[in-house]
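Have a look at the structure below before the remarks.
Throughout, read-outs are computed from the coordinates displayed, never taken from laboratory work. Only a predicted model underlies this, so the values are computations on that prediction, with no experimental measurement involved. All Cβ positions, glycine included, derive from the backbone under ideal geometry; neighbour counts span all protein chains shown.
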Amino acid sequence: MAAEILIVDDDRDLLELIGLWVRKFGYQPVLAAAAEQALTHLAKNPQTALVLLDIRMPGLTGVEALEKIQSAPTPPPVIMITAGSSIEGAVECMRAGAYDYLPKPLRPERLEATIRNALERSSLQDRVRILERNLEQTYQFDNVIGDSPPMQRVFQLVRQVADAAAPVLLTGESGVGKEVIARTLHFNSGRKNHPFVATNCAAIPADLMESELFGHERGAFTGAIRRRLGKLEEAGAGSVLLDEIGEMDPRLQAKLLRVLQEREFQRVGSNDTLKLRARIVAATNRDLEEEIAAGNFREDLYYRLNVVVIEVPPLRRRREDIPKLVAHMLRRFREREERSVETVSAGAMEALCSYDWPGNVRELENVIYRAGLVTSTSVIEQSALPRKITSSLPAFAPNRRETQAFAASPASSNGSLQAQTEQLIDQALAATDGNVAEAARRLGISRSTLYRKLKARESGLGGA
């Protein structure tokens, strides 16, 4: 369906001529001889793609009509039509939100090009709004996967500090999802309508990192052919994530410390002082106290960043989140690869939940993606997983009846059941190198039950 263009002009002859041109351009013209009529139409037809609006009209002027159009939540682009004597008024209209202005007499080729450009820009802005809305929804607490108690504690802390101005330090191993938590913090705060920008302190050479953060002026150094805004300025009143801050060059650490203390900075090569409005979120997989002791990190900067610390737990401490994470990763895999892999088998899930995941969520995502690629059915079987994953399974696999009997076996159990119990205990302890807590988890019983049975065995009372 052709885009609808509303044309507003009190000159009937010109109004009809523009309507003919617009139809020839491939759009659907709607004619209005007064601003009041145009506003009534817009109220009933919010799908109107663009407005051509004359500045000088009796009654409600084009300038006044523009102000009312711009007050809508998502106003259509407006192109002002002006006589040569009212160019200054057209410029003021552009400052008030008009896309462009065209002087009379109109030329059809210029009119067509201006309409096309305005519609393309409007379409791009619509796509950006949709992406921003989807991004904001993605990082709502209900959509970030983490039902386990350790992750719920993280979310609780994020809620408590979301609107604070203080810096936040995110700690945790590589791959645990520190950037996801940083984005969750941003999109659940009053800064969500401002930019979230991230930079990796380990990926950018030290001599370029200053420009990356603070920006630079043209000619500030060799190769600076134009002014560049740094991350701190680009973020405005939003959030800046300084990832892997433990690897920041010590010279730059001193400058960052001053920015945090004074809440101001300068572009490289400039004497103008800019206010820091963004919130700083730093992330690291290093122990910064050890880095301080080694002379690699400034102690005073650490205490500036250490106001609010959020430790993101490794995946091995939140195994109960793995099934949901797998389901989420499979959805993304299907969308990206257009494959019909729906789920994983029970055996594959057991292996995924038993593995310790030194690479954390990032490693899990890579494993699921690879398994999806090599799977020809809708179910990922255990055989599709890397050997290092499947080798994490216990050497024994007690069935449900054996486990229930083991957990409930009294002192008067017969010899056969007691022998089975003893064997399961020995296998579990052998498979976990004597780790009682892990052995109890694999057997499906509480740690206290296993301790009680071990103590009873040592005292010669059997399986009490």
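Listing for the model above:
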quantity	calculated
Listed residue pairs exceeding 19 Å between alpha carbons, taken from Lys255/Lys275; Lys44/Lys68; Lys231/Lys275; Lys231/Lys255; Lys324/Lys388	Lys324/Lys388
Pairwise centroid distance, computed over Cα atoms, of the stretch 58-119 with the stretch 228-259, Å	41 Å
Ellipticity estimate at 222 nm from DSSP helix runs (n ≥ 4, -39,500 (n - 2.57)) divided over the chain, nearest 500	-14500 deg cm²/dmol
Structure-derived Cα Rg over 2.2 N^0.38 Å - corresponding label in [x] 1.43; [y] 1.67; [z] 0.98	[x]
Residues with amide H under 5 Å from that of Val309, placed H, sequence gap 5 or more	Leu169
Antiparallel %, DSSP beta bridges [both residues in the chain], to 5	10 percent
Stretch gain in nm, segment Glu120-Ala166, where the contour uses 0.36 nm per residue and the Cα spacing is subtracted	12.5 nm
Extension gain, Arg316 back to Glu363 (0.36 nm per residue minus Cα-Cα distance, nm)	15.7 nm
Tilt relative to the chain, helix 415-431 - C-alpha long axis, 0 to 90 degrees, to 10	50 degrees
Residues Asp356, Asp249 arranged by fewest to most Cβ contacts within 10 Å	Asp356, Asp249
Least to most buried among Phe155, Phe214 (fewest other Cβ within 10 Å first)	Phe155, Phe214
Cα shape, the stretch 4-132, gyration tensor, a/c 1.5 rule	rounded
C-alpha long axis of helix 108-138 to longest principal axis of the chain, angle in °	20 degrees
Helix 322-337 vs. the chain, principal-axis angle (Cα, 0 to 90°, nearest 10)	40 degrees
Residues Trp357, Trp21 arranged by fewest to most Cβ contacts within 10 Å	Trp21, Trp357
